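What follows is a set of notes on a single structure, which appears directly below.
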Amino acid sequence: MGYYTYSNSANPEFFDARTKHGHGKSQMVLSNLDTDTCRSLQFSLQSLFCCSKLVEYFFIAAGYLAFQGSPIMWATIHRAHHRYVDSDLDPHSPQYGFLDAYIGWIARKNYPAHIAPGAQSKDLINDPIYGFLEQKGNIRRGHELSYAINILFRIILFACFGWVPALASLLAGMMVLQIPLMLNVLCHIPRLGYKNYAGIDDSVNVWFVGFLALGEGWHNNHHAFPGSARTGIRFFEFDLSWLTIYAMAKIGLVSKVKAITNDQLLQHRKQPNLCDASVREQ
Ligand SMILES: [Zn+2]
Ligand SMILES: [Zn+2]
């Protein structure tokens, strides 16, 4: 059972993983599910559910093929975002510049001094595939490798299936990348959304990001319960990622799923400033 504290400094090592591949629309949905569905996968020190390496790689590949770069980089930055949310140490808080929050953080050559995969992603750095994609912490080289593999993948698609699937896959990957980049900015601008849970950060639920990101746009819920595989809470907060994880659990692809319970939801809505949450297995 995970135990999470909703504060700037004490959030858990945590991550939203990212997902797999395909053509055109199917890749778009699947890659977006990565960005969200495997909003945790094995990328948490206290993972939100258990799954095989095969399932994990499947979802990670979708994110990678949507130009999201090194999985270790993405995990490390995302964990730092939760740890330092909306402070000056947050790697992408819009409080310190919209452009930097949108694209600047991912374009840096190296990690900021307070962020290091060796310290914050110890659970990932020994994976040989993730280690290779990480390129020894050189973010720029990691991106160059990512672009090369992404282009090679579309060339293979072109050779096997023709230009329509290849171009559709390329455009889908580029569009999917925009969703988490956009989310990082829009879901931390209080006037654009609403909060179910009061807290000390600026995170809000933004309805159209909620739908586009297949769940994580209910971002205030996500920051309040980062240890939960379920992010949609109210009846209109559609959470396809949670439904996917739930369905995968039903057919045995994942197990030991951690998700907030109705009791916990009610308790926290009554005591909105009690910003901690224990998350149970379901
Ligand atoms: Zn997160
Ligand atoms: Zn956030």
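Things worth noting here:
- The range 187-208, subset aliphatic (A, V, I, L, M), surrounded by fewer than 22 Cβ atoms within 10 Å (Cβ to Cβ) and at pLDDT 90 or above, residue nearest to ligand 2 (Cβ to nearest atom): Ile189
- Every pair of residues 6+ apart whose Cβ atoms lie under 8 Å, when the first sits in the range 210-228 and is among the hydroxyl-bearing types (Ser, Thr, Tyr) and more than 11 Å from ligand 1 (Cβ to nearest atom) while the second is modelled with pLDDT under 90 and assigned to a helix (DSSP H, G or I): none
- Helices (runs of 4 or more DSSP H) contained in the range 61-149 and holding at least 3 residues over 19 Å from Glu216 (Cα atoms) and away from ligand 2 (no atom under 16 Å from the Cβ): 117-120, 128-134
- Under the condition of being of a type outside the set (Val, Ile, Thr) and assigned to a loop (DSSP other than H, G, I, E, B), the residues counted in the range 195-239 number 26.
- A single entry from Asp123, Asp100 fulfils the requirement of being more than 23 Å from Asn184 (Cα to Cα) and surrounded by 13 or more Cβ atoms within 10 Å (Cβ to Cβ): Asp123.
- Considering (1) in contact with a Gly (Cβ under 8 Å, 6 or more places away or on another chain); (2) within 16 Å of ligand 2 (Cβ to nearest atom), the lone condition that Leu181 does not fulfil carries the number (1).
The values are calculated or read from the model by the stated rules, or taken from the named source; none is laboratory data. Please read all numbers here as calculations on a predicted model, not as lab measurements. All Cβ positions, even for glycine, are placed from backbone atoms using ideal geometry, and neighbour counts span all protein chains on display.
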